[in-house]
1. Which of 72, 124 comes first, and how do the rest follow, when ranked by fewest Cβ neighbours within 10 Å?
2. At 222 nm, what value in deg cm²/dmol follows for the chain if DSSP H runs of at least 4 each add -39500 (n - 2.57) and the sum is divided by all its residues, to the nearest 500?
3. Take 120, 40 and order them by how many other Cβ atoms sit within 10 Å, fewest up front.
4. Report the gain in length on full extension from residue 72 to residue 120: 0.36 nm times residue separation, minus Cα-Cα distance, nm rounded to one decimal.
5. Normalised by the residues of region 9-88, what does the relative contact order come to in percent, with Cα pairs under 8 Å and at least six apart?
6. Could you line up 101, 36, 14, 84 from fewest to most neighbouring Cβ atoms inside 10 Å?
7. Between residue 109 and residue 25, what is 0.36 nm times their sequence separation minus the Cα-Cα distance? Round to one decimal in nm.
């Protein structure tokens, strides 16, 4: 019997690890270099595509992502993550939040990023 979740190729592990590190470091140029020009973004605030949207998202959100695990998933790659956002004003820092992101990869670059609260939510969006 074949493995229902094949191993993630080493080049994809490196690409997505580098993407997470660049996002957390707010290295916009590096993030854009790791993405296709038409990269699609989907998340709680909506959907769109392109480098300008990625640039705006990084500037606006201030998100930091910690990659916890990565698996092949229905022709894409599912990352389980821990997300944190910067403090706003006098508010206390929010605790880290678990989330998942489904990544598409094309020609060695990130071609889509879809963030969900849970794997079940990602599965529902797939249907």
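1. 124, 72
2. -9000 deg cm²/dmol
3. Ranking 120, 40 by Cβ neighbours within 10 Å, fewest first, gives 120, 40.
4. 15.7 nm
5. In percent, rounded to a whole number, it is 24.
6. Exposure proxy ranking, most exposed first: 14, 84, 36, 101.
7. Between residue 109 and residue 25, full extension yields 28.4 nm more.
Any read-out appearing in this document is the output of simple, stated calculations on the displayed coordinates, not a laboratory observation. Worth saying up front: this structure is predicted, and the values here are computed from it rather than measured. All Cβ positions, glycine included, derive from the backbone under ideal geometry; neighbour counts span all protein chains shown.
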